[in-house]
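Undergrad: Submitted below is the structure of interest, expressed as structure tokens.
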């Protein structure tokens, strides 16, 4: 961490100086580690029309947190991760075995998850207020040990994506074609959904339920408007996610507001500019 | 079993030579044996046995819901089926790793999808991730493949912006790598005008000759099939007719199913 602190000290911000605010330095590193991952994963989310799914994953994680805190786990993240994984596997499996629309399956299962979560969280007349943090997240309370996990997550994510990327691209184009090339959709989709569950659950504690999905969908959607090839789509998405993450973080410092909200606002502004550009170009 | 009686002459013809198993001994041969597909209680395909030889185009025709696409999907593994399939080379040895080329029925690509023709080829043919770039060698190979179908100028075109005919040519080129033991085409000419159709089938004929391919083609273009196909199979859950195009088209059963819209060899 010392290396990071001394690197940040070169930045021309008052909080970045050696006697500045540690929590901002941590938040900055968190943004730099997480946003590229969300941006890249987002390209496949948009390609596979899974925006609703990634949103619903958060609900699965929510139930996990409620159960975890009811049982009295020291780290509700673990139970939320398990629950999000279970949710991802269940949705994929139900969808494949019944051939129902994905949105129908998600709608059914997500509402069940939220119901269980709220039921357990308010068990015995408890207040639901503690879980509000979960909705908006808190990027300014990042702990150094969590940054270590984020680093590992980012380092693991990219090699996995090297393996999955092409297959997901092909499957998103045409499942018949993908199957004829030896791809097994159920397993590939389950792996992707599981990976997404890990990324979303981990990002939840910092960015919150509302922000995570925006960070997955908006950069990729914006990139889609600007890019022509798969490669430039990935780079646009990663670049926009990281850039808007930084802009949002700085804006929240000067406006003294929740970081997640300003990040989403920065992403949304980028999206509408791109929308305008795309219309204008045609 | 009246239908059985009806196509006895054709069965006889079948036994008489052209497609008897014996010819498998001197050509490479793809054998589909007793293939059946069931979904729940419904039988979609029953006991399909076909031998498909290199350099031959076999056309599958049949009314709507006859199981034509199902047959191709069963072969690619998209639908589970019973029966089996084996790929033999000219001396009768089994291929260890046979490859299938498949051109699906006009897949829909969204307009504005950020993917070029090159991206599709790279994602399918290479393990190297597309989002990290495409290697020169692969790019050259893709250009070569595209030039076989007269589409080398489409390399950097966006997938969503291709016309129906262009898309089918692209998918055909993709199906040629790696060189398939059996090439499956599912109604490739849907959405093309008469001119485009003629051009497309010319290309199919060309690549067939060039690579000595065994091709299984689902099609309704009887006029084109007459000159293109070596053999036509009339399918309706099971194989009803199997023979030379002119013979099948002249058969009363064909007339009964398709009406008199197409009368034998007189186009």
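Undergrad: For every helix of n ≥ 4 consecutive DSSP H residues, a contribution of -39,500 (n - 2.57) applies; sum these over the protein assembly as shown, divide by its total residues, and give [θ] at 222 nm rounded to the nearest 500 deg cm²/dmol. Present the calculation step by step, with values, prior to reporting the outcome.
TA: Details: 21 runs with 324 residues, N = 549.
That comes out to -19500 deg cm²/dmol.
Undergrad: Further question: How long is the protein assembly as shown along each principal axis, judged by its Cα atoms, biggest number first, in Å?
TA: 94, 54, 44
Undergrad: Over the stretch B:111-245, what is the relative contact order in percent, taking alpha-carbon pairs closer than 8 angstrom and at least six residues apart?
TA: Details: 139 pairs, mean separation 25.8, N = 135.
Across the stretch B:111-245, relative contact order equals 19 percent.
Undergrad: Please compute the modelled spin-label separation between residue B:94 and residue B:152, points set 7 Å along Cα→Cβ, answer in nm with one decimal.
TA: With each label point 7 Å from Cα toward Cβ, the separation is 4.1 nm.
Undergrad: How would you rank B:198-210, B:39-51, highest first, on the average number of other Cβ atoms within 10 Å across their residues?
TA: On the way: B:198-210: 16.8, B:39-51: 14.7.
Highest-to-lowest ranking by the protection proxy: B:198-210, B:39-51.
Undergrad: Using alpha carbons only, what's the Rg to Rh ratio of the stretch A:1-134 with Rh from Kirkwood? Could the numbers behind the result be given before it?
TA: Values: Rg = 19.3 Å, Rh = 17.5 Å.
Here the Rg-to-Rh quotient is 1.11.
Undergrad: So what are the stretch A:114-177's ellipsoid semi-axes, whole angstrom, largest first, if each one is the square root of 5 times an eigenvalue of the alpha-carbon gyration tensor?
TA: On the way: eigenvalues 261, 100, 16 Å².
Result for the stretch A:114-177: semi-axes of 36, 22, 9 Å.
Undergrad: Using the Kirkwood radius over Cα pairs, work out the Stokes-Einstein diffusion coefficient for the stretch B:93-146 at 4 °C and 1.567 mPa s, in µm²/s as a whole number. Mind dumping the intermediate values first?
TA: Details: Rh = 13.4 Å.
D, rounded to a whole number, is 97 µm²/s.
Undergrad: In angstroms, what radius of gyration and Dmax does chain B have, counting Cα atoms only?
TA: When restricted to the Cα atoms of chain B, Rg and Dmax are 19.1, 62 Å.
Undergrad: Using alpha-carbon pairs under 8 Å, 6+ residues apart, how would you state the relative contact order of chain A in percent? Don't skip to the answer; put the middle values down first.
TA: Numbers: 383 pairs, mean separation 76.1, N = 282.
Reported relative contact order: 27 percent.
Undergrad: Hey, another quick one. Tell me the label-point distance for the pair residue A:256, residue B:144, using the 7 Å Cα-to-Cβ offset, in nm and rounded to one decimal.
TA: If labels sit at residue A:256 and residue B:144, their model points lie 6.8 nm apart.
Undergrad: For the protein assembly as shown, what proportion of DSSP beta bridges, expressed in % and rounded to the nearest 5, is antiparallel? Before the final figure, lay out each step's value.
TA: On the way: 21 of 37 bridges.
The antiparallel proportion sits near 55 percent.
Undergrad: Between residue A:151 and residue A:17, take the C-beta separation as r, use R0 = 25 Å, and let me know the FRET efficiency to the nearest 0.05.
TA: Values: r = 24 Å, r/R0 = 0.95.
E between residue A:151 and residue A:17, to the nearest 0.05, is 0.55.
Undergrad: When the Kirkwood radius is taken over all Cα pairs of the stretch B:116-267, what Stokes-Einstein diffusion coefficient follows at 10 °C and 1.306 mPa s, in µm²/s? If you can, show how the numbers build up before the last one.
TA: On the way: Rh = 17.1 Å.
Translational D for this selection: 93 µm²/s.
Undergrad: Can you give the relative contact order of the stretch A:188-238 as a percent, counting alpha carbon pairs under 8 Å and 6+ residues apart?
TA: Numbers: 22 pairs, mean separation 12.4, N = 51.
Answer for the stretch A:188-238 is 24 percent.
Undergrad: Using r as the Cβ-Cβ distance of residue A:124 and residue A:90, and R0 as 25 Å, what FRET efficiency do you calculate, to the nearest 0.05?
TA: Working: r = 28 Å, r/R0 = 1.11.
Taking R0 as 25 Å, the efficiency between residue A:124 and residue A:90 is 0.35.
Undergrad: Going out from 0 in 5 Å bins, what whole percent of all Cα-Cα distances in chain A drops into each bin?
TA: Over chain A, the share of Cα pairs per 5 Å bin runs 1, 6, 12, 16, 17, 16, 14, 9, 5, 3, 1, 0, 0 percent.
Undergrad: When the Debye formula is applied to the Cα atoms of the stretch A:177-275, each taken as the same point scatterer, what base-10 log of I(q)/I(0) results at q = 0.11, 0.15 Å⁻¹?
TA: Summing over Cα pairs of the stretch A:177-275 leads to -0.41, -0.69.
Undergrad: In peptide B:105-116, how many Cβ atoms from other protein chains are near each Cβ within 10 Å, on average? Spell out each step's value before the answer.
TA: On the way: counts 2, 1, 5, 2, 2, 4, 0, 6, 9, 18, 10, 5.
Mean shielding by partner chains, rounded to a whole number: 5.
Undergrad: Determine, at each q value in 0.18, 0.22 (inverse angstroms), the log₁₀ of I(q)/I(0) that the Debye formula gives when each Cα of the stretch A:24-95 is one equal point scatterer.
TA: For the stretch A:24-95, the Cα-only Debye profile gives -0.86, -1.02.
Undergrad: Related question: Along Cα→Cβ, 7 Å out, is where each label goes; now give me the distance between the ones at residue B:82 and residue A:6 in nm to one decimal.
TA: In this crude label model, residue B:82 to residue A:6 measures out at 7.3 nm.
Undergrad: Based on the alpha carbon coordinates of the stretch B:44-93, what radius of gyration and maximum Cα-Cα distance (Dmax) apply, in Å?
TA: 12.4, 38
Undergrad: Output the Kirkwood hydrodynamic radius of the stretch A:53-203, Cα pairs only, in Å rounded to one decimal. Don't jump to the answer; show the numbers that get you there.
TA: Values: mean 1/r = 0.0596 Å⁻¹.
So the Kirkwood estimate lands at 16.8 Å.
Undergrad: Just to be sure I understand: of the beta bridges DSSP finds with both ends in the stretch B:161-267, what percent are antiparallel, rounded to 5?
TA: Around 55 percent of the beta bridges assigned by DSSP in the stretch B:161-267 are antiparallel ones.
Undergrad: Could you work out, residue by residue across A:178-188, how many beta carbons of other chains sit within 10 Å of that residue's beta carbon, and then give the average as an integer? Mind dumping the intermediate values first?
TA: On the way: counts 5, 7, 16, 10, 4, 1, 1, 1, 0, 0, 0.
Per residue, the number of nearby Cβ atoms from other chains is 4 on average.
Undergrad: Taking chain A as a Gaussian network, Cα atoms linked when under 10 Å apart, which of A:55, A:146, A:19 shows the biggest mean-square fluctuation?
TA: A:19
Undergrad: Express in nm, to one decimal, how much length is gained between residue B:108 and residue B:195 on full extension, taking 0.36 nm for each residue of separation and deducting their alpha carbon distance.
TA: Numbers: separation 87, 0.36 × 87 = 31.32 nm, distance 2.21 nm.
Gain in length upon complete extension: 29.1 nm.
Undergrad: Over all residues in B:129-140, what is the mean tally of Cβ atoms on other chains that come within 10 Å of each residue's Cβ?
TA: On the way: counts 12, 9, 16, 6, 1, 3, 0, 0, 0, 0, 0, 0.
Mean number of neighbouring Cβ atoms from other chains: 4.
Undergrad: While we're here: If a paramagnetic tag sat 7 Å from the Cα of residue A:99 along the Cα-Cβ line, which residues of the stretch B:40-72 would have the backbone N under 15 Å from that point?
TA: Output list for this probe position: B:40-45, B:65-72.
Undergrad: Dividing the convex hull volume of the alpha carbon atoms of the stretch B:91-195 by its residue count, what do you get in Å³ per residue?
TA: On the way: hull volume 13.7 nm³, N = 105.
Value for the stretch B:91-195: 130 Å³ per residue.
Undergrad: Given a Förster distance of 22 Å, report the FRET efficiency between residue A:275 and residue A:210 from their Cβ-Cβ distance, rounded to the nearest 0.05.
TA: Using R0 = 22 Å, I get an efficiency of 0.55.
Here, each number is a calculation from the coordinates, and none is a lab measurement. Worth saying up front: this structure is predicted, and the values here are computed from it rather than measured. With ideal geometry, Cβ positions are generated from the backbone for all residues, glycine too; neighbour counts draw on all protein chains shown.
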